[in-house]
Amino acid sequence: MELRNKKLDECIFREIQQEVLQQWPTGKNVNFQDAIDYHKKIPSQKVFSKKLKKAKEKGTTLIQPRAGVALVDEHIQLLQYLETHGEADLLPTTIDSYTRQNRYQEAENGIVESRNAKRSLLNGFPAVNHGIETCRMVNEALNVPVQVRHGTPDARLLTEISIAGGFTAYEGGGISYNIPYAKSVSLEKTIYDWQYADRLIGMYEEAGVSINREPFGPLTGTLVPPCISHSVAIVESLLAAEQGVKNITVGYGQCGNLLQDVAAIRTLEVLTEEYLKKYGYGDVFVTTVLHQWMGGFPQDEAKAFGVISWGAAAAALAGATKVIVKTPHEAMGIPTKEANADGLKTTRQLVTMLVDQRMPLTHELESEMNIIMAETRNIMDKMLELGEGDIAIGIIRAFEAGVIDVPFAPSKYNLGKILPARDNDGAVRLLDCGNLPFSKDIIDFHKEKIEERARFEKRDVSFQMVIDDIYAIGKGRLVGRPR
């Protein structure tokens, strides 16, 4: 395997495909031409990319939950409930953890055990085990587009079956579904495996079928500075575009400071389009998604609704194309369908109320946008320099050097030197910039922001700030102030 950011040769793709489709018996039912014919008959209102394009043109924010259970009838009932009672514009099929680790036999056992128990004993929908026809049953039972959401380092078979099964959007990437999810899986392997997934989707595109692709924006979901998640989203977009992907949604996990969140969503779209055009992928259509707060939630439902509402407002005021919605049961485990629908309806109320409003481009907002863009360009340009023009190679070398560094990630391929903490206004800054290739003025900016908070709180700058900030929202605050 020689990793390069180069479109996979068809002979190599076919050779890999023969192995991939033999990983589980349902793989033998994959027929590319049949899948193309099936997709071309899907009504336009159920095609993810088309709905996103309309939303971007109209300036509306679509709402989408997370959801998935083991058995097909129950999964359909759950999604139908979220469509009708939750008023969801877009729906997910969240994949179970066994499938994410390619442990298909254990997923099969989970299906059997779930049938016997008459409730889901898996934390998602095992699409590979259910196969193409069952996936099509799911899509045909609903009136809105459905996306596959998972967390799989090697998602090749899942991609084959789920796209042939009629899903019109697919989340993930070789970095965003590795570094935050796995400990010992190399980036060389996951980037190469995801080149296969993206090449497959590029082949659908070339046959006249548009599949939306979405890098996973929040990463670890814990105090991730915008420049880090932006850099990952941009490079995964470049990798996907090289394989022929034409419709990409780049994401960002809400940090909680409204000014920073709005600046992040707006710069994410600008920077992604900038780098795609710079490297010859100007025909890629880019949309954005804001993920509501991914950290700890209050256990009290009423307080949880407050957190959900704040995320909905941030998405609407930023002009995000869609928002991924949390539930009031976030602190308690897997939510009921009713709780999931309540989170959606809360978000619907906010994005509808704010549909005619956007945060104005004040001096403060412009300054925040400028700092995010400068930080992201520092990382991106150094990454490309390290790769000597090849972004795939640049990614590997950048992670080794800490030029890109995801906070609190489990992967041994992530340096883990940076330390994020909030400033006095609650924006995520860097207490320690690690090896990020920032200019001196950016490093000084972060230092002053953290010291300003320390002076206000009458304490020294320390790791305790980081700990306090991680738990703050669950305790009803944004900034983790000392008691």
Looking at the range 332-348, which of the residues that are polar (S, T, N, Q) and touching a residue at least 24 places away in the same chain (Cβ under 8 Å) is surrounded by the most Cβ atoms within 10 Å (Cβ to Cβ)? Thr347
Can you tell me which residues in the range 164-179 are out of contact with any strand residue (DSSP E or B) (no Cβ under 6 Å at 6 or more places or on another chain) and either among the aromatic types (Phe, Trp, Tyr) or under 21 Å from Ala127 (Cβ atoms) (or both)? Ala164, Gly165, Gly166, Thr168, Gly172, Gly173, Gly174, Ser176, Tyr177, Asn178
So which residues in the range 176-200 are part of a loop (DSSP other than H, G, I, E, B) and among the aliphatic types (A, V, I, L, M), if there are any at all? Ile179, Ala182, Val185
Give me the pairs: first residue in the range 98-126 and over 17 Å from Arg156 (Cα atoms), second residue among the acidic types (Asp, Glu), beta-carbon distance under 7 Å, and six or more apart or on different chains, which are they? Gly110/Asp96; Ser120/Glu74; Leu121/Glu113; Leu122/Asp96; Asn123/Asp96; Gly124/Asp96
Determine whether the range 420-428 contains at least one residue that is in contact with a helix residue (DSSP H, G or I) (Cβ under 8 Å, 6 or more places away or on another chain), surrounded by 15 or more Cβ atoms within 10 Å (Cβ to Cβ), modelled with pLDDT of 95 or more and closer than 30 Å to Lys189 by Cβ. yes
Residue list for the range 236-250, filter: over 17 Å from Gly394 (Cα atoms) and either at pLDDT below 95 or surrounded by fewer than 23 Cβ atoms within 10 Å (Cβ to Cβ) (or both): Gly244, Lys246
Exactly one of Val466, Val461 is among the β-branched types (Val, Ile, Thr) and surrounded by fewer than 17 Cβ atoms within 10 Å (Cβ to Cβ), and that one is Val461
Going through the range 186-234 in order, the residues found to be in contact with a strand residue (DSSP E or B) (Cβ under 6 Å, 6 or more places away or on another chain), small (Gly, Ala, Ser) and either on the phi > 0 side of the Ramachandran plot or surrounded by 24 or more Cβ atoms within 10 Å (Cβ to Cβ) (or both) are Gly217, Gly221, Ser229, Ala233
Pairs where the first residue, in the range 445-474, is among the acidic types (Asp, Glu) and the second is in a helix (DSSP H, G or I), C-beta under 9 Å, 6+ apart: Glu457/Met465; Asp460/Ala454
With respect to Ile42, is the statement that it is modelled with pLDDT of 95 or more, not basic (Lys, Arg) and not in a loop (DSSP other than H, G, I, E, B) true? no
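The values are calculated or read from the model by the stated rules, or taken from the named source; none is laboratory data. Because the structure is predicted, anything quoted here is derived from the model rather than measured. Don't worry about glycine lacking a Cβ; one is built from the backbone with ideal geometry, like all the others, and counts go over all protein chains shown.
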